[in-house]
Amino acid sequence: MKRNLLLLSCIALLSGACNSQSEKTEEETASPNVLLIYTDDLGYGDLSAYGGDIPTPNIDKLAAEGILFTNAYATAATCTPSRYSLLTGEYAWRAKGRGVAPGDASALIKPGVETLPGLMKKAGYRTAVIGKWHLGLGGEEGPDWNGKISPGPLEIGFDYSFILPATGDRVPTVYVEDHHIVNLDPADPIEVSYRNKVGDRPTGKDHPEQLTTMWSHGHNHTIVNGVSRIGYMSGGEAALWRDEDFADIFVGKATQFIKEKEDQPFFMYFATHDIHVPRLAHERFQGITNEGPRGDVIAQLDWTVGALMDLLEKEGMRENTIVVFTSDNGPVLDDGYEDQARELLGEHKPWGELSGGKYSALEAGTRVPFIVRWPQGVSSGQRSAAMFSQVDLLGSFASYLSIPYDQSQAIDTQDSWAALIGEDTKGRDFVVQEALFSNLALLSQEGYKYIPANNGPAMVPWGPIIKTGFSKEDQLFDLNADPKEQTNIANEVPEKLAQMKEQLENIKNK
Ligand code: NG6
Ligand code: CA
């Protein structure tokens, strides 16, 4: 189903036929708004709609009003590569240097490259990114924190940007709006280093007594807001964030942008900090779940979604906004801070019935919650087992909006529009999954999973207690019979193994 309603209404206008559409409201004939809610480290089993123990009524409602996908995938088991692929339609592993980015990395998506926001802009949308970025900023020298920070989101298709430069656990702990740090006092410039200590702010290593949350591995450099971070930072006192305010501030910025309606539809990439570490929910959410800070930030995330849905409703945009809700990678408990995520877990299973988690080649690394709601275009109450990859959002919207794009750049994206709106229940033929150290796995439509032999460790080496799924031997699993990927059948079905090996090589050499 390809159509461009914006175009149709223009043609109608020219031919004087506008009144013949009088039975449809203006909202019904316009191109749909698109709100992409991208959460951080939210696991396949973390929402109550997916069987989790922590109540997420607002997100569950979203699923009940649209489609809940059970086989949708992030392209990687960590943040930077998943985001890279989501925005460019190209698997991140095709070039080096697109793993988890330090907070002073230069821009990974180069201006001029085909992007999802760029495509939406071509289709007449006004575009915004709000929330976590983690895709680098600035030229080869890295970002000029005290000056104009460019290139960044505005150079790759966003009209407006309000971001955390990297992640909550990395310096600099400031917001960047468009090209500049918010509230930066020129008399108190910022310096950032990922190599040496700069300035005299205490570190978590030397002054653990000053911490409100103790670090467990890494994360023992500069202390800001009672939490020590990865990396050192001096200056910028007036610009420092308070982690507890992230959710409110992002919702506030989204509200502002969405309310400035204008005539164009909007595309918003709303990338929450929740539920990444450090998990510091706003005071009103602290202690409201039984699962400790990790549970509380899930509750906060649910509030965020509720607030955004109320906003759409109030603005008369509920019916004709496509909301896509998903996560960048699988779940992790201890990811660098002693926040009792493991101790207070109870019966809750962040990974659902799957094995692995964040960083892992096993299913919970990349199979993530994925929900689509679009009252005007998608009927409610659906569940879809279609195989869907986030890398296909670019190709799918391009197809729906009839916007051409350079397929030699967005090389991995496909038109999965029919799966996205629930019309195709089968979905993609395969997905490639990128785990720690850029190790790949391939999953086929019929449910065979191939993890090539590699020298990686069997467990994530620094402390999260997550199986990587790596082995020195080739592995093949049949997910239909063995969803937890426990029995290697590579020797039983050598022809299948050979075929998947060849397929993965072909994809790599594309
Ligand atoms: C790891 C960090 C982890 C987290 C991750 C990125 C250590 C020991 N661990 O290197 O805490 O920041 O990078 O997470 O430093 S992601 O979701 O943004 O990919
Ligand atoms: Ca993440």
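The figures follow:
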quantity	calculated
Unmet criterion (only one of (1) more than 24 Å from ASP328 (Cα to Cα); (2) touching a Ser or Thr at 6+ places or on another chain (Cβ under 8 Å); (3) among the polar types (S, T, N, Q)) for SER416	(1)
Failed criterion for ARG195 (all others in (1) surrounded by 14 or more Cβ atoms within 10 Å (Cβ to Cβ); (2) within 16 Å of ligand 1 (Cβ to nearest atom) hold)	(1)
Within the range 113-125, tally of residues that are in contact with a Pro (Cβ under 8 Å, 6 or more places away or on another chain) and crowded, with 20+ Cβ neighbours inside 10 Å	2
Selection count where residues are buried (at least 23 other Cβ atoms within 10 Å of the Cβ), among the polar types (S, T, N, Q) and within 12 Å of ligand 1 (Cβ to nearest atom), scope the range 216-240	1
Flag for ALA239 being within 16 Å of ligand 2 (Cβ to nearest atom) and touching a residue at least 40 places away in the same chain (Cβ under 8 Å)	no
Count of residues meeting criterion [more than 16 Å from ligand 1 (Cβ to nearest atom), among the acidic types (Asp, Glu) and within 21 Å of THR167 (Cα to Cα)] in the range 262-317	3
Counted residues, the range 294-340 - those being acidic (Asp, Glu), within 18 Å of the chain's Cα centre (by Cα) and within 16 Å of ligand 2 (Cβ to nearest atom)	2
Test set (1) in a loop (DSSP other than H, G, I, E, B); (2) out of contact with any Leu (no Cβ under 9 Å at 6 or more places or on another chain); (3) not assigned by TED's automatic domain parsing to the domain that holds ASP310 - THR212 fails condition number	(2)
Given (1) more than 16 Å from ligand 2 (Cβ to nearest atom); (2) in contact (Cβ under 8 Å) with a residue 60 or more places away in the chain, index of the condition GLU343 fails	(2)
Filter result (without any contact (Cβ under 8 Å) to a residue 60 or more places away in the chain and closer than 20 Å to ASP296 by Cβ) within the range 37-96	SER48, ASP60
Filter pass, ILE181 being surrounded by 23 or more Cβ atoms within 10 Å (Cβ to Cβ) and hydrophobic (A, V, I, L, M, F, W, C)	no
All helices (runs of 4 or more DSSP H) inside the range 22-141 with 1 or more residues being within 15 Å of ligand 1 (Cβ to nearest atom)	79-88
Close pairs (7 angstrom Cβ cut-off, 6 or more residues apart or separate chains): outside any strand (DSSP E or B) in the range 262-276, within 11 Å of ligand 2 (Cβ to nearest atom) and polar (S, T, N, Q) anywhere	THR272/THR39; ASP274/THR39; ILE275/THR39; HIS276/THR167
So ASP302, is it among the charged types (D, E, K, R) and either touching a helix residue (DSSP H, G or I) at 6+ places or on another chain (Cβ under 9 Å) or in the same structural domain as VAL460 (by TED's automatic domain parsing) (or both)	yes
Residue tally, condition part of a loop (DSSP other than H, G, I, E, B) and not small (Gly, Ala, Ser), over the range 142-176	16
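Quick grid of which residues meet (1) at positive phi; (2) modelled with pLDDT of 95 or more; (3) away from ligand 2 (no atom under 16 Å from the Cβ):
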residue	(1), (2), (3)
LEU7	no, no, yes
LEU13	no, no, yes
ILE37	no, yes, no
GLY52	no, yes, yes
ASP60	no, yes, yes
THR75	no, yes, no
THR78	no, yes, no
GLY89	yes, yes, yes
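The values are calculated or read from the model by the stated rules, or taken from the named source; none is laboratory data. Only a predicted model underlies this, so the values are computations on that prediction, with no experimental measurement involved. Quick reminder, even Gly has a Cβ in these numbers, built from the backbone with ideal geometry, and neighbours come from all protein chains shown.
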